[in-house]
1. Is there any pair linking a residue in the range 78-89 that is under 21 Å from G49 (Cα atoms) and in contact (Cβ under 8 Å) with a residue 12 or more places away in the chain to one that is surrounded by 10 or more Cβ atoms within 10 Å (Cβ to Cβ) and not aliphatic (A, V, I, L, M), with Cβ under 7 Å and at least six apart or on different chains, and which?
2. From A107, A74, A131, which residue is of a type in the set (G, A, S), in contact with a His (Cβ under 9 Å, 6 or more places away or on another chain) and without any contact (Cβ under 8 Å) to a residue 40 or more places away in the chain?
3. Is it fair to say Y124 is surrounded by 10 or more Cβ atoms within 10 Å (Cβ to Cβ) and among the aromatic types (F, W, Y)?
4. Filter the range 97-138 down to the residues that are within 20 Å of M87 (Cβ to Cβ), among the aromatic types (F, W, Y) and at pLDDT 85 or above and list them by number.
5. Give the range 31-70 a look and list any residue that's in a strand (DSSP E or B) and either in contact (Cβ under 8 Å) with a residue 40 or more places away in the chain or hydroxyl-bearing (S, T, Y) (or both), or say none.
Amino acid sequence: MPARVLKRRIEDIFRDAQTYLHTRAEASVHTKKFESAKAPLKKWLKENGIEDADGNLVYEFPRDISSIDEKVYAGVMLRKSVGQSFMVEDEVREFIKRHKKAKVRDAYGRVFKYVEVLDQDELYVLQQEGAITEEELRSLLKDPAPQYALWPIEATEELEGDDA
């Protein structure tokens with residue numbers, strides 16, 4: 001590979017790394033400001049917001065405002081979201097036990113399934129007992145593929161002169 005092409009790629013990565021570090025620091029500051037701005041609004045809306053037809057808690061401004069994103073806003077809301085319905089296992093267990101019609105055709109066994117679960121500790125016990133060899137046990141172990149996260153490396157010395 002020609003030295004000129006390699007030098008260009010190193011300059012590109014150096015510039016890209018500087019952009020990443022600057023944007024990372026800037027995003028951290030903005031995220032903190034954003035979370036700080038949301039906290040009092042959420043608290044106030046929970047206590048004083050007016051519930052709309054969808055269950056959202058709303059505050060409508062006395063007059064519309066224009067924002068930096070060139071949009072006009074009429075208010076803010078805590079949008080309601082409801083999770084998926086669920087059943088409490090203990091309640092279902094009690095229901096099945098006491099409900100006369102549910103006792104038909106082994107309802108309990110149909111509602112509560114028995115599932116096989118790997119007990120890795122027992123594999124090690126089998127190896128200790130001599131039922132399987134250490135090599136056989138190790139052949140079952142798999143290493144996950146590594147994952148990488150981009151992270152800055154802080155310099156140990158401060159810059160001096162023109163670079164400071």
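The values are calculated or read from the model by the stated rules, or taken from the named source; none is laboratory data. This is a predicted model, so every value here is computed, not measured. As a convention, Cβ positions derive from the backbone with ideal geometry for all residues, glycine included, and neighbour counts pool all protein chains shown.
1. Matching pairs, first to second residue: L78/K42; L78/K46; L78/G49; L78/N56; R79/N56; K80/G55; K80/N56.
2. Numbers: A74 fails: in contact with a His (Cβ under 9 Å, 6 or more places away or on another chain); A131 fails: in contact with a His (Cβ under 9 Å, 6 or more places away or on another chain).
The unique qualifying residue is A107.
3. On the way: surrounded by 10 or more Cβ atoms within 10 Å (Cβ to Cβ): yes; among the aromatic types (F, W, Y): yes.
It is true that Y124 is surrounded by 10 or more Cβ atoms within 10 Å (Cβ to Cβ) and among the aromatic types (F, W, Y).
4. Across the range 97-138, the qualifying residues are F112, Y114.
5. Initial filter on the range 31-70 (in a strand (DSSP E or B)): 50-51, 57-66.
Residues satisfying the conditions are Y59, S66.
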